[in-house]
Structure formats: structure tokens, C-alpha cells
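*Asks:* Just passing along the structure, written as C-alpha cells.
The values are calculated or read from the model by the stated rules, or taken from the named source; none is laboratory data. Keep in mind that what you see is a predicted model, and the values were worked out from it rather than measured. Counting neighbours? That spans all protein chains shown, and the Cβs are built from the backbone with ideal geometry, glycine included. We work out accessible area using only protein heavy atoms, side chains counted, and drop any ligands, DNA or RNA first. Shrake-Rupley method; radii C 1.70, N 1.55, O 1.52, S 1.80 Å.
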Amino acid sequence: MDTKEFDYSSLRSNVSFLGRMLGETIAAAEGEGFLDLIEKIRGLSKAAREGDEGAHRSLLEVLRDLDANQLVPVARAFSQFLNLANIADQQHTISREMDPVLSASAALLNSLSGLKEQGVSDAKIIAVLSELKIELVLTAHPTEITRRTLIHKHSEISVCLERLELQGLTEREIKHIHGRLRELLAQIWHGYDFRKERPSPVDEAKWGFAVVEGSLWRAVPEFLRRLDTALKDTCGVSLPIDAAPVSFVSWMGGDRDGNPNVTAKVSERVFRLSRWQAADLYLKDIIALVDELSMTVCDDTLRELSGGAHEPYRAVLRPLREMLKRTLISIENELQGLPARTEGILVSVDQLWQPLHACYQSMHNCGMAVIANAALLDLLRRVQCFGVHLVRHDIRQDSARHTAVLSEISSYLGLGDYAQWDETTRQAFLYRELDNRRPLIPANWQASDDAREVLDTCAVIARQPPSALGAYVISMARQPSDVLAVHLLLKESACPFDLPVSPLFETLDDLSRSRQVIESLLKAPWYHQHIAGRLMVMIGYSDSAKDAGVLAASWAQYTAQEQLLDCCAQYGVELALFHGRGGTIGRGGAPAREALLSQPPGSLKNGLRVTEQGEMIRAKLGLSSLAVKTLALYTDAILKANLQTPPVPRQSWRELMDRLSVGSCAAYRAVVRDEPDFVAYFRYATPERELGKLPLGSRPARRSAGGGIESLRAIPWIFAWSQNRLMLPAWLGAGSALREPLARGQRELLQEMFSEWPFFSTRMAMLEMVFAKADVNLSAFYEERLVPEALQHLGVQLREQLAADCETVLEVTGAQQLLAEQPWIKRSIQLRNIYTDPLNVLQAELLQRQRGEPPQAVLEEAIMVTIAGIAAGMRNTG
């Protein structure tokens, strides 16, 4: 069934239903008069959107005349409606009604069946599935708006909507569900929407663990069950019981790039909490199995393992239960600084796997497969996925921090200043020391606090088992010495295992030089031998787009991957590409399946490793059913990418993309770097200054105090522009570059690229989405209220460019209007505008008041509410 033609009446009904309930809640709390005010604002906003100038003027007057005590509740009313619309929308995608179209089971079955229909053999499908590797890296998000308690309530609302889908509910049952919904809405309305203080890195890590507990713990075995069913239905074989195609990594508590709050002690605490959470979840599962597995029939192996017990399965499982209890106590002691047990606790996967697998085999051997393939199989799948540590942990640090440590050491030893050496001298020194058996760091050397922190982090790494860690990621990696420096620091910390060290190439220049850097390393005998045929390289989407604009950055990312794959193939090295994507177009965001299918051929051969951030974790993994669907979409895309040859760009496409990249980068930088008024305009026209004050995440919004755009992180940079609806980072430079080949008569070539090349068609689709969400009138209103007249000329130019770029993209795609192929998304944006418009207008008014008066708590809170509401309306932040 084509989703473009699907009837969305049930979704519209749910949105209206939740809206009415919210209205009842507001009226009960604030009075009917206040609800009448909200309805008046909504009506004026709708009429204004339909072109009624009088309604627009009236809307501005009503919002400007709000009393101080009305500001927050008015903003909250519209913000909460948008949250409810998102919940209904999200629930609809996993609803029973949409199951034939959008369910994970349908996606997997259609994927495998489709491959077979195209002539792909069973053997090839089975072989690719046996190598399937999906590694999702959960990261903290410095613009994450929603509190955990609110996320819980949103999840409960989704559960209620799911229950209301059931057929045959009695009137009493329906009344009970409605009552629960009213209770949840009242809890939300009478609660506080935001944190009072910034979360610590440990808080953020706990939030990540909560996602595993609340969603992924159930989702992984369910996904594997559905994949197993699809494989049996199409190829007649089952997944191996120890198949582990999915795993999770965390940056929370390990990403110290520009975040002074993430220290070695913090990371070590997070590692322990991770083990504790895993043991706690396993204990709950084991207790449930002990309660249920009372069978007395078993095979000889289990009979011997149980010591001849009458109830052998319980006899084998009870020691696991006691071991896990001891493990929890031991970790709790460690967290409190008390002596911890070293014996009789969980330290390896085999301690769980072997007895559980023995139970599983016994049940199959004794005709109890129906029992074995239920909760016990789910637990075995979890053991393979989550291991002892729940997630593996990456460490990330800026290359400059490593350089500073080596500079201190070399200066102390009288060797000169490492930081001042050229690259050749640095590499010669590093290779010499890596091959040297004696330690480099003298015992009596006193490191600076910054250097000591880097070395303490390496020492923490050295104390962990290899299974606890993912990779050491180097931000702003520019030279081979940046990679070698980390290897040397780990060696000096007596790290007993080879931790993968992944350079992160994130600016346009770094991406263009990435092959040169990697080839230099692979030519070196020490490095080639050390990595043992495997290498991970991270591709940065955020900073490259901030550096050069989305079109130039996306082409640089594509060509860098091609070059790296070719380079590693020449040296017999398996390359794992790690994609640092965000949720927005300006940070590499795109629908998961389309994003993966637009990658270069061969880029997914060694699996998928990709970041999932902030609100995208909630949107894609926050509910078990959503997570199952996400994993199915990733699987579908990886199978298609590896079993169907993606189109290799023709030479004419490459040549044109090279010109488009140069032109778009020049147009982008002409504004962002070269326009003398740009930084001032940005800070006046957006809530960037106010965002930095909000208690949103543990990481500062800037890498360093002061500075211009270059010091601002990519996430708040994009977030700020989405608030004033200009959406600048997601389109600037692209349209003006596309206009040039159109003017040269190359329209047919562009349309050929659009129709035949997934990379290019995905870029155009994302630009369409951005233009549909942007709003020149609201952007102009922000400017009128907030920007000094002397700077307003820049806003006029940018809005004219936006309008021209929109027409350019439509000319390339051949469409008559934006989102012509996605009518429901277009309609959804139009409906949300009715609720986001008042928030945008109110935000601009509040920012003007706040900037012109001494700070007022009520204004700060109201601004926070508008920021959250607009983010909900835009469906992403950064």
C-alpha cells in the first residue's frame, strides 16, 4: 500500500481528541476565560495563515497585550498541543492500522522478498545477514529540551492511544483509559517543564541507560524475532542463536571534547553505573525465569550441571541470581569508595551464556522448544547484544589536548617543544617512542592539571576490560601525528589491549585531506601491523556543514568516504565508517533508510556505526515498537546497499558536483565569514544568547569562551536558526550554486542526477523539507522586533535568497510545489504552523522585552517554553 495515498483520518482524530482533552485540562486549571483566550489566538493564527491581514494584526495585538501572568500559560498551551500532536503522529507510525505498511515485520519481509525477486540468491542473503552489524552510538544532546519525567508521561500517553486501538473494549475500559489520559495531562499541566539546573554528565548517562531499560531491552529480542521469522519465510533458515547484529555504544560520560565537566573520575563512575544497570536488568529477567521454569524433564548435560536436582532449570538459574545480587552489591560498594568483591561476581558474558544456553539446548532436546524460544531465547539474545556492560563506551577528546600533553613532556625532557615541531619531526618521534620499550614519562614529572586529566583518562581506559570500550575518537584530527599521539599516550598508560583509535575528520579541509592522512599511516609498518587489518574512521557531518554549508559538506563527506574505502582496500584493511550525523539537515540528518542508500557504494560493507542524538533517540528509539521499526529500516537499507549495487556517479555528475561544491561553499562563506555584519545580525535575530543560559545539557554551547561563529558548536548554531524560522545553515549556498548550471543550460543533467542518483535526490528532498519549514514572514518579524535598523539589510538579502533558492530547487526537481510527493508531511507542517506561529511571535516579543529590561524570571521561563514549543513544532532541534 502506498503511504502517500493512505487515509490519515485516525491520526487526525487522535490529534483532535488529545487537543480537546488538553483544552478541558486547561479550562479546569485556569478557567474557561483563559481557554477562550487560547481559542481566540488559535483562530487568529489559522486565519492569518490563510492570508487574512486583519487576523494577523489582531494576533500581534493580542500577544503583545498579554499580562505577565498570562505569558507562561499561553506559551505552554501551544507548546503542549504540539507535544501531543507529535505523540499522536509517532504512535500512528506504529499503530495497528499502519502495520501492513510501516511495521518492522512488513519492512523485513518485503526487503528479503524483494531481493529474492531481483535474483539475489538465498546464500547471498544469508551471508550478508550473518555479517550484519548495526552499532548505534547514543550521545548527549546540548539542546535536549524535554525532562525525563515529561518523557515518561509522553510514553504513557502513547500507551493509552495504543490501548484505544483495541477492538471490543467495554465502555468501562474506554472510560478508564480516558481517565488515565486526563490524569497524565493534568500532571503535565500542573508540573514544571524544565530542569532547574544543567544535568551533569552522569545524569546524561543515566538518561541513556533509562532508554536501554525502558525500550531497547525489549526491542532487541523482538527485532531479532521478527528478522528470524522473515528469514525463515523467505530463505528457510533461522538466525543463529548467538547472532548479535545490533549493539549500542555511549558517548555520555565519555565525550570530553570541549566539556570540562567530563573528567576521568566521571567516566569511571559512568562505566560502573553501566555495569550496575546491566546486572540489575539481568537479575530481573533471571528472577522471572526462576519463577516460571519449574519443568522437571531435562537432558543429561543439564542434569549433571544441576547436580541431579528435581527442578534442574531452577537449580541452574538460582546461582546466576545470587551472582547478580553479589555483583550489584559489589558495584554499589565501588561507587561509594568501599572495597569491592573480586570473586563470585559477573565479569564475563560466558558466566551468563553457558548456563542459559545449556537450559535452552535441554529444552529443545526434550521437546520443549515452545518454552525455549520464548523468554529464555530473549534473554540469550540480550546477553549477546548488551554483554556485561550494557553499552560499550567511547572516549572522545580534541587532538589539541594530546598535543599539549606531549609538548609538556618533550619540553621537560629537554627534547624541544613538540607543539612547535613540523609533522615529519612529530611522526619520527612518535614512531620511535611507540617502538621503544622504556617509558617516556619520567616518574618525577609534574604535569599541569590539563595534562594530568588526559593521562588520568588514559589510565581509566587501561583499567577497563576491552569489552567495556568502543573506540577513542579524536576530534579535529588533521595529521597522522594526531592518531599516533593517542596510541603513544595509551602505551604510556600501560593499556594492556589495543583500543581502536578513530580520527574524526570534520571540516571541509580535513575531509579533503583524509585519504592523505590515512594513507600515510597505512604505509608505516608499525601502524599497519598494530591495527591488524581493521580501521575505524569517523566522518563529521556537523562541523563540516557549519564550515562550508550543507551542499559542499555533503559532497566532501561522500568523496572522502570513497577515497578512504579505496585507500584501505589497496592496503588490505577493512574500513568501518563511523557517521556523526545529527537530527537536522544541517547536521547530516535525513530519513534513516534514504540516508543510508545515498551513501557511496561499499560504505556499509563492514557495518553501520552512527550517532543517535538527543531528541532523535526519543523519536527513533524511545519506545520499543519504534526501536524495532528503526532497526528494521536500518537492516533493509544495509541489505539493499550490500546486495544491490548502488549507482556509481557518472563522470559528468562528479564534475558538476565538484563545481556545485565550490560554488555553494563560496556563497555560504561569503555570508557567514566575509559579511562584516553577520555575527551581530545572528546574535540579534536569533535566541542564541538566551540558549546559552538555559540548563539544557552538561556541555557548554561554545568550545571556548567568547569568539565568533567558529567557537559556537554546530548544534546550538543550527538550533538558533530553526527558532526564528530562517533555517539558514540547512540551505545557505546550495540554491545559488544550483542556479549556475541552470543558467548554463544544464537543467537536463541536473534532472538526470535527481532521478538516477540517490545521493543527489536525497539532498534535494532535504532542501524541500527545509524550505517547507522555513518562514520568511516570521523571520522578518524577528528582525523587526530585535535587529537594529543598520543590520536589517542583511536579513532582507537572506530572505530574498531563500525565496530564489526555493524556486531553483523546484526547477531542478520539476515539481510545481514543495513536498508534492509527500502530501501528508506538507499537511502536517501546515497544521503545526497554526500552533507554532503564536509561539514564534510571542518569542520575538519576549526577547525584545528581556533584552531591553533587567532580567525577569517570568520572561525567562516564558522564553524557555517558546523554545521548547517551537522545537516540538519543527520536529527537531540540532
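*Asks:* Stokes-Einstein D for the range 515-674 at 25 °C, 0.890 mPa s, Kirkwood Rh over Cα pairs, in µm²/s? List each step's numbers first, then the result.
*Replies:* Values: Rh = 17.1 Å.
My calculation gives 143 µm²/s for D.
*Asks:* Out of all Cα-Cα pairs in the range 748-791, roughly what percent, to the nearest whole number, are more than 12 Å apart? Before the final figure, lay out each step's value.
*Replies:* Working: 661 of 946 pairs.
Cα-Cα pairs of the range 748-791 separated by over 12 Å account for 70 percent.
*Asks:* Take the eigenvalues of the Cα gyration tensor for the range 460-586, scale each by 5, and report the square roots as semi-axes in whole Å, largest first.
*Replies:* Equivalent ellipsoid semi-axes, largest first: 26, 17, 12 Å.
*Asks:* How big is D, in µm² s⁻¹, for the range 740-878 by Stokes-Einstein at 20 °C and 1.002 mPa s if Rh is the Kirkwood radius over C-alpha pairs? Intermediate results must be reported in sequence, preceding the final value.
*Replies:* On the way: Rh = 17.3 Å.
D = 124 µm²/s.
*Asks:* Hey, could you pull the Cα Rg and Dmax for the range 789-859, both in Å?
*Replies:* Considering the range 789-859 through its Cα atoms, Rg and Dmax are 17.7, 52 Å.
*Asks:* Three principal axis extents, largest first, for the C-alpha atoms of the range 328-431, in Å?
*Replies:* The Cα atoms of the range 328-431 stretch 73, 36, 19 Å along their principal axes.
*Asks:* Next question. Read phi for every residue in the range 274-290 and hand back ³J(HN,Hα) as whole Hz from Karplus 6.51 cos²θ - 1.76 cosθ + 1.60, θ = phi - 60°, with x for Gly and Pro.
*Replies:* 5, 4, 4, 5, 4, 4, 5, 5, 4, 4, 4, 5, 5, 4, 5, 5, 4
*Asks:* Let me ask another. Looking at the chain only, what percent of DSSP beta bridges run antiparallel? Nearest 5 please. Before the final figure, lay out each step's value.
*Replies:* Working: 1 of 34 bridges.
Percentage antiparallel, nearest 5: 5.
*Asks:* Something else about it: For Leu469, list long-range residues whose amide hydrogen, built 1.01 Å from N in the peptide plane, is under 5 Å from its own amide hydrogen.
*Replies:* Amide H neighbours of Leu469: His393.
*Asks:* Percent relative contact order of the chain, based on C-alpha pairs within less than 8 angstrom and at least six residues apart? Numbers along the way, then the final one.
*Replies:* Values: 1299 pairs, mean separation 153.1, N = 878.
That works out to 17 percent.
*Asks:* Still on this structure: In whole Hz and in residue order, list the ³J(HN,Hα) couplings for the range 793-802 that follow from phi through the Karplus curve 6.51 cos²θ - 1.76 cosθ + 1.60, θ = phi - 60°; x for Gly and Pro.
*Replies:* Karplus-based 3J(HN,Hα) across the range 793-802 equals 4, 5, x, 4, 4, 5, 5, 5, 5, 4 Hz.
*Asks:* Next question. Taking the Cα centre of each part, how many Å lie between the range 259-299 and the range 177-234?
*Replies:* Cα centroid of the range 259-299 versus Cα centroid of the range 177-234: 18 Å apart.
*Asks:* Ranked highest first by the average count of other Cβ atoms within 10 Å around their residues, in what order do 452-461, 410-419, 477-486 fall?
*Replies:* Numbers: 452-461: 20.4, 410-419: 14.0, 477-486: 23.8.
Sorting 452-461, 410-419, 477-486 by mean packing, highest first, produces 477-486, 452-461, 410-419.
*Asks:* Here is a follow-up. Hand me the chymotrypsin sites (Phe, Trp or Tyr not before Pro) from the range 420-508 located in a DSSP loop with no more than 12 other Cβ atoms within 10 Å, in residue order please. Walk me through the numbers before you get to the answer.
*Replies:* Working: sites: Trp421, Phe429, Tyr431, Trp445, Tyr472, Phe497, Phe505; in loops: Trp421, Trp445, Phe497.
Counting only loop positions with at most 12 other Cβ atoms within 10 Å, the chymotrypsin sites (Phe, Trp or Tyr not before Pro) in the range 420-508 are Trp445, Phe497.
*Asks:* Which GluC sites (Glu not before Pro) in the range 146-248 sit in a loop by DSSP (not H, G, I, E or B) and have at most 16 other Cβ atoms within 10 Å of their own Cβ?
*Replies:* Working: sites: Glu156, Glu162, Glu165, Glu171, Glu173, Glu183, Glu197, Glu204, Glu213, Glu222; in loops: Glu165, Glu197.
Counting only loop positions with at most 16 other Cβ atoms within 10 Å, the GluC sites (Glu not before Pro) in the range 146-248 are Glu165, Glu197.
*Asks:* Within a Cβ distance under 10 Å of Ile345, other residues only, what is the Lys/Arg minus Asp/Glu net charge? Walk me through the numbers on the way to the answer.
*Replies:* Values: positive: Arg275, Lys325, Arg326, Arg341; negative: Glu343.
Net charge around Ile345: +3.
*Asks:* As an exercise, identify the trypsin sites (Lys or Arg not before Pro) in the range 731-821 lying in DSSP coil whose Cβ has no more than 14 other Cβ atoms within 10 Å.
*Replies:* Details: sites: Arg739, Arg744, Arg747, Arg763, Lys773, Arg785, Arg799; in loops: Arg744.
Passing sites in the range 731-821 are Arg744.
*Asks:* Right, here's the next one. Taking 0.36 nm per residue of sequence separation and subtracting the Cα-Cα distance, how much length would be gained by fully extending the chain between Arg182 and Ala666, in nm to one decimal? Present the calculation step by step, with values, prior to reporting the outcome.
*Replies:* Numbers: separation 484, 0.36 × 484 = 174.24 nm, distance 5.40 nm.
Gain on extension, Arg182 to Ala666, equals 168.8 nm.
*Asks:* For the chain, compute the orientation-averaged projected area of the C-alpha convex hull (one quarter of its surface), in nm².
*Replies:* Working: hull surface 159.4 nm².
For the chain, averaging the hull's shadow over all directions gives 39.9 nm².
*Asks:* Enumerate the amide H contacts of Arg534 below 5 Å, restricted to partners 5 or more residues apart or on another chain; note that Pro and chain-start residues carry no placed amide H.
*Replies:* Those lying under 5 Å, H to H, from Arg534 are Glu574.
*Asks:* A further question follows. Cα-based Rg of the range 1-87 per 2.2 N^0.38 Å, rounded to two decimals? Display every interim value, and only then the final one.
*Replies:* Numbers: Rg = 15.2 Å, N = 87, 2.2 N^0.38 = 12.0 Å.
Output field value: 1.27.
*Asks:* Mind checking the full-extension length gain between Lys116 and Leu338? Use 0.36 nm per residue of separation minus the Cα-Cα distance, one decimal, nm. Show your work: numbers first, answer last.
*Replies:* On the way: separation 222, 0.36 × 222 = 79.92 nm, distance 5.86 nm.
74.1 nm is the gain from fully extending Lys116 to Leu338.
*Asks:* Which entries of Lys206/Lys773; Lys284/Lys605; Lys153/Lys284; Lys116/Lys629 show an alpha-carbon separation above 28 angstrom in the structure shown? Walk me through the numbers before you get to the answer.
*Replies:* On the way: Lys206/Lys773 33 Å; Lys284/Lys605 37 Å; Lys153/Lys284 24 Å; Lys116/Lys629 22 Å.
Going by Cα-Cα distance, Lys206/Lys773; Lys284/Lys605 fall outside the 28 Å limit.
*Asks:* Then there is this: Determine the calculated [θ] at 222 nm for the chain from helices alone, applying -39500 (n - 2.57) to every DSSP H run no shorter than 4 residues and normalising by the residue count; nearest 500 deg cm²/dmol.
*Replies:* On the way: 39 runs with 555 residues, N = 878.
Result for the chain, helices only: -20500 deg cm²/dmol.
*Asks:* Please compute, for the alpha-carbon atoms of the range 256-405, the extent along each of the three principal axes and give them in descending order in Å.
*Replies:* Its Cα atoms span 64, 29, 21 Å along the three principal axes.
*Asks:* Give the average over all directions of the projected area of the C-alpha convex hull of the range 23-69, one decimal, in nm².
*Replies:* Values: hull surface 13.7 nm².
The orientation-averaged projected area of the Cα hull of the range 23-69 comes to 3.4 nm².
*Asks:* Let me ask something else about it. On a full-extension model of 0.36 nm per residue, what is the gain between Leu413 and Ala803, subtracting their alpha-carbon distance, rounded to one decimal in nm?
*Replies:* 134.3 nm
*Asks:* What number comes out for the charge environment of Leu283, summing +1 per Lys or Arg and -1 per Asp or Glu over other residues with Cβ under 14 Å away?
*Replies:* The answer is +1.
*Asks:* To continue, here is another question. If you take the charge dipole of the chain about its Cα centre, with +1 on Lys and Arg Cβ and -1 on Asp and Glu Cβ, which of Gln277, Leu842, Thr507 is farthest toward its positive end?
*Replies:* Final value for the positive-end residue is Gln277.
*Asks:* Just the accessible area per residue of the range 150-200, please: how many Å² with a 1.4 Å probe? Working shown, then result.
*Replies:* Working: 3060 Å² over 51 residues.
Using a 1.4 Å probe on heavy atoms only, each residue of the range 150-200 averages 60 Å².
*Asks:* About its Cα centre, how strong a charge dipole does the chain have in debye, to the nearest 20, once Lys and Arg get +1 and Asp and Glu get -1 at the Cβ?
*Replies:* Details: 96 positive and 109 negative charges, 200 e Å.
The calculated dipole for the chain is roughly 960 debye.
*Asks:* Label points 7 Å out from Cα along the Cβ direction at Tyr571 and Asp658: separation in nm?
*Replies:* 2.5 nm
*Asks:* Taking the Cα atoms of the range 730-814, report the difference between the largest and smallest coordinate on each principal axis, in whole Å and largest first.
*Replies:* The principal-axis extents, from largest down, are 46, 25, 16 Å.
*Asks:* When the accessible area of the chain is computed with all protein chains present and a 1.4 Å probe, what percentage of it is carbon and sulfur?
*Replies:* Details: 17240 of 34710 Å².
That fraction is 50 percent.
*Asks:* On to the next question. When Lys and Arg each count +1 and Asp and Glu each count -1, what net charge do the other residues less than 12 Å away from Trp189, Cβ to Cβ, add up to?
*Replies:* That sum, taken over residues with Cβ under 12 Å, equals -1.
*Asks:* If N is the number of residues in the range 404-481, what value comes out of its Cα radius of gyration divided by 2.2 N^0.38 Å? If you can, show how the numbers build up before the last one.
*Replies:* Working: Rg = 13.8 Å, N = 78, 2.2 N^0.38 = 11.5 Å.
Normalised Rg, Cα atoms only: 1.20.
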